[in-house]
1. Among what's in region 60-80 and is open to solvent by 20 Å² or more (accessible area, probe 1.4 Å) and in contact with a Leu (Cβ under 7 Å, 6 or more places away or on another chain), pick the residue that is farthest from H139 (Cα to Cα).
2. So which residues in region 23-81 are in contact with a helix residue (DSSP H, G or I) (Cβ under 9 Å, 6 or more places away or on another chain) and of a type in the set (G, A, S)?
3. Take region 45-59 and flag every residue that is loosely packed, with under 14 Cβ neighbours inside 10 Å and either among the polar types (S, T, N, Q) or farther than 15 Å from E73 by Cβ (or both).
4. Can you tell me which residue in region 177-214 is most open to solvent (accessible area, probe 1.4 Å), limited to those that are closer than 15 Å to K111 by Cβ, part of a helix (DSSP H, G or I) and in contact (Cβ under 8 Å) with a residue 60 or more places away in the chain?
5. Do we find a residue being surrounded by fewer than 16 Cβ atoms within 10 Å (Cβ to Cβ), of a type in the set (A, V, I, L, M, F, W, C), out of contact with any helix residue (DSSP H, G or I) (no Cβ under 6 Å at 6 or more places or on another chain) and under 30 Å from T21 (Cβ atoms) anywhere in region 132-148?
6. Would you tally the residues in region 151-162 being under 13 Å from I128 (Cβ atoms) and either in a loop (DSSP other than H, G, I, E, B) or in contact with a Leu (Cβ under 6 Å, 6 or more places away or on another chain) (or both)?
7. Residues that are open to solvent by 30 Å² or more (accessible area, probe 1.4 Å) and within 19 Å of K187 (Cα to Cα): does region 110-128 have at least one?
8. Hey, I147 hits all of (1) modelled with pLDDT of 95 or more; (2) assigned to a loop (DSSP other than H, G, I, E, B) but one; which does it fall short on?
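The values are calculated or read from the model by the stated rules, or taken from the named source; none is laboratory data. Everything numeric in this text was worked out from a predicted model, so none of it was measured. Neighbour counts run over all protein chains shown; Cβ positions are idealised from the backbone, glycine included. Note: accessible area is taken over every heavy atom of the protein model, side chains too, but ligands, DNA and RNA are not part of it. Shrake-Rupley method; radii C 1.70, N 1.55, O 1.52, S 1.80 Å.
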Amino acid sequence: MIVLSFLLFLSACKEEPAVITSPLDKLMEGNKRFMAGHPVHPDETLARIRDLKKGQNPFAIVMSCSDSRVPPELIFDQGLGDIFSVRTAGNVIGDYELGSIEYAVEHLGCKLIVVMGHENCGAIQAFIENPDTHKHLNHIENIIEYIAKEDEEKELPEADKHQVDKAVRANILHGVHYIKNSAPILKPLIDQKKITVVGAYYDLDNGEVVIIDK
């Protein structure tokens with residue numbers, strides 16, 4: 001009886017193993033806090049700032065739209081040095097964006113790339129509003145032309161081609177496919193499952209991020 005009581009005592013004193021979450025789980029857990037209105041705003045202290053002076057070690061790359069309503073650090077309730085953020089209007093990806101992503105993978109050790117679009121994206125709306133007749137006399141036109149050339153947009157059923165939500169999701173998938181096939185750096189690492197790429201859709205109504213794969 002004494003031995004049994006002692007064993008129970010040891011069992012009660014034994015520390016619970018730490019729960020190790022994946023980078024994607026960490027982002028999604030942060031988004032749940034953000035949606036619930038209970039963000040913890042981690043890694044925003046002066047000590048964190050000073051620690052980051054020594055170097056950065058972000059755990060995820062988020063390729064997202066430049067829209068002021070879609071800041072990744074707030075949406076995912078993360079702090080300084082947690083997310084390597086790459087942002088362009090319409091989350092379009094070219095050589096500079098790929099180079100930035102490659103840097104975060106090769107030199108900072110990031111294992112997760114999230115391509116995030118959002119509801120009512122202005123770049124997608126501009127593309128849908130008959131780009132052949134409404135030409136912009138500035139560099140915005142380059143963004144519209146980029147989106148118009150995406151195979152994922154061209155492959156949408158005719159009934160979906162003028163639905164912003166459908167076009168946003170097609171654009172997200174284009175970004176995912178583009179990164180997955182980017183040589184010579186990213187594709188081999190993705191094929192070897194050393195890094196992961198996912199698409200994500202941000203809902204402006206409730207702040208939810210939904211992972212999409214098709």
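1. The first filter runs over region 60-80 and keeps only residues open to solvent by 20 Å² or more (accessible area, probe 1.4 Å), leaving 66-69, 71, 73-74, 80.
Right, trim to in contact with a Leu (Cβ under 7 Å, 6 or more places away or on another chain) and you get 69, 80.
Working: R69: 22, L80: 31 Å.
Here the answer is L80.
2. Those that are in contact with a helix residue (DSSP H, G or I) (Cβ under 9 Å, 6 or more places away or on another chain) and of a type in the set (G, A, S): G30, A60, S64, S66, G79, G81.
3. To start, the set of residues in region 45-59 that are loosely packed, with under 14 Cβ neighbours inside 10 Å comprises 45-47, 49-50, 53-55, 57.
Hits for region 45-59 are T45, L46, A47, R50, K53, K54, G55, N57.
4. Of the residues in region 177-214, the ones closer than 15 Å to K111 by Cβ are 179-180, 185-186, 188-198.
From the residues that got through so far, the ones that are part of a helix (DSSP H, G or I) too are 179-180, 186, 188-191.
From the residues that got through so far, the ones that are in contact (Cβ under 8 Å) with a residue 60 or more places away in the chain too are 179, 186, 189.
Details: I179: 0, L186: 0, L189: 43 Å².
That would be L189.
5. Looking for residues that are surrounded by fewer than 16 Cβ atoms within 10 Å (Cβ to Cβ), of a type in the set (A, V, I, L, M, F, W, C), out of contact with any helix residue (DSSP H, G or I) (no Cβ under 6 Å at 6 or more places or on another chain) and under 30 Å from T21 (Cβ atoms), one finds none in region 132-148, hence no.
6. 3
7. The answer is yes, given that some residue of region 110-128 is open to solvent by 30 Å² or more (accessible area, probe 1.4 Å) and within 19 Å of K187 (Cα to Cα).
8. Of everything listed in (1) modelled with pLDDT of 95 or more; (2) assigned to a loop (DSSP other than H, G, I, E, B), I147 misses just condition (2).
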